[in-house]
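All remarks here apply to the structure that follows.
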Amino acid sequence: MPPRRVTEAEAVRALLERGARPLEPFPGTQEPWRCRCLRCGQVNSPRYNDVVNKGTGTCGGSCRSRKLAGKLMLDSVKAAAVMEQHGWLPLEPYPGAGRPWRSRCAQCATVKTKRLTHVRNGRARCTNCGGNSLSAAAAAAAMKAAGLLPLVPYPGQQLRPWLSKCLNCGHHSTPTLTSVRLHGHQCWACTVARFPLRGRLDEQQAVACMLSQGLAPLDPYPGRVDAPWKSRCTMCDSPSMPVPRNLSGHQQCCPVCAEQGISPVEPGDLYLAIHDELRLLGWGVAQAGRHRLHPARRAWRPLARWRFTAAQDAWAFGRHFKQQIRGTSCSSAQPTDATPGQVWPQTASLDDVSITQAVQMLEAVAGPPS
């Protein structure tokens, strides 16, 4: 016997009883049916069969969210008891299971923002007690213990580059606090000086060798110094496949920078340039008599430059400057005639950062221009 056909009047009555008003003719029991929730006013498209036979409800928006929140919601006394059981003392009224709740660690008295949902799911560990969250003073002490003097305040995250000066050789670099805590002293110049580039290198030495040439490896160490290693230039962001053994001449690191003839161990300048027509700020590293003014083939006007005894120091300050610029929500510029996705990595719009701000950023760490 065939199933009984549901009439439109029966379908409309069923939805009204469940808190929704249809906005279009009945399409059938298995098709989405636009209706408006009588509680919150939101428009949804439930299926008649799901609503009537499966009981899924007519509103999949705010009404459903309130229902789920009600199931998860605890009263403030029970919620505080759960937090205290896991070592956290609430400092403000209970905001809800999934909302930030300012609390103090019962062990170290550090104030953190926790969520009750995370605490109940086993994610209640205090990062400060576990050694993963450090104060600015503790972070600076860790850097000094490794022979590095921070030149700027702690960036707040252990994986962010931190402009520092080597207390052994005086060169500048931008190691992360994580690499310093894991591997100790992180000066590229000192690391390169301790071993020959043509010798047999372990993975840590090979990575230091590449970083000393301004190359950040993108793949695991191939295990040999005569094998190509996919890397990215830390200054111009260009990808390349250098062979570590061939980097001893300091002239064949990044193909783009090599065209400029930049030697990391010779004096170099960090410069700022302006493109008046496109209203762009650009920066880069150059050496006297053998460089292009800017990677882009357009008219750039020199603005200021800072002289360093080694180009690798200029690279370090350039990486710090790029981090500061990007931290102000200034993205890279895109050429008007470029393919989609192509950008100039060492540029920023003058609508986002002024010339005065850019110069002050560099003067704060590198002093006045040369």
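Listed values, structure above:
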| quantity | calculated |
| --- | --- |
| Of the trypsin sites (Lys or Arg not before Pro) in the range 137-190, those whose Cβ has at most 13 other Cβ within 10 Å and which sit in DSSP loop | none |
| Quarter of the Cα convex hull surface for the range 73-120, i.e. its orientation-mean projected area (nm²) | 2.7 nm² |
| Packing-based ranking, highest mean first, of 30-40, 229-239 given that Cβ atoms within 10 Å are counted | 229-239, 30-40 |
| Alpha carbon convex hull of the range 8-69, volume per residue in cubic angstrom | 68 Å³ |
| Backbone HN-Hα couplings from phi across the range 224-237 [Karplus 6.51/-1.76/1.60, Hz, Gly and Pro as x] | 9, 7, 9, 10, x, 9, 5, 9, 10, 5, 6, 9, 10, 6 |
| Mean shadow area of the range 139-251 over all directions, Cα convex hull, nm² | 6.9 nm² |
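Read-outs throughout are calculated quantities, based only on the coordinates presented, and are distinct from any laboratory measurement. These numbers were taken from a predicted model, which means no experiment stands behind them. Glycine also receives a Cβ, built like all others from the backbone with ideal geometry; neighbour counts cover every protein chain displayed.
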